[in-house]
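Participant: The structure is given below, and queries will be raised subsequently.
Taken together, the values in this text are just the output of simple stated rules run on the coordinates, not laboratory data. As the structure is a prediction and not an experimental result, all values here were calculated from the model. No Cβ is skipped: glycine too gets one built from the backbone with ideal geometry, and neighbour counts run over all protein chains shown.
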Amino acid sequence: MNTPAYPIEKCRSCPTQIIWAVTERGRDMPVDAEPAANGNVALSTNDKGQVVARIVKPHLAFGRKDLRLPHFVRCPQADRWRQR
Ligand SMILES: [Zn+2]
């Protein structure tokens, strides 16, 4: 199976590459483009072509290499993200 490619852009507040995803509740969420060992977000594409972010429970995330972190975890402008 090929790794799906998601559109990557630069965060407006810092130099990090991010992927804009939509949560299961329909809210926009920036996710680090680079997978992280402690990531807990699984990305997929829905039938509308949107990137969907799903939070993976820790016991299911163990050993996975394709999970990412929400960008506000380390964005220096995280306070601004949370207010939106
Ligand atoms: Zn940022």
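Participant: According to a simple spin-label model (label point 7 Å from Cα along Cα-to-Cβ), what is the distance in nm between residue 12 and residue 64?
Facilitator: Between residue 64 and residue 12, the label points sit 2.9 nm apart.
Participant: Given Cα pairs under 8 Å that are at least 6 residues apart, what percent is the relative contact order of the chain?
Facilitator: That works out to 28 percent.
Participant: Now, a different point. Check which residues have an amide H placed less than 5 Å from residue 36's amide H, if you skip close sequence neighbours.
Facilitator: Result for residue 36 returns 67, 68, 69.
Participant: Right, something else. Whole-Hz ³J(HN,Hα) for each residue in region 30-47, computed from phi via Karplus 6.51 cos²θ - 1.76 cosθ + 1.60 with θ = phi - 60°, x for glycine and proline: what do you get?
Facilitator: x, 10, 4, 5, 7, x, 10, 4, 9, x, 9, 10, 9, 9, 8, 10, 8, 6
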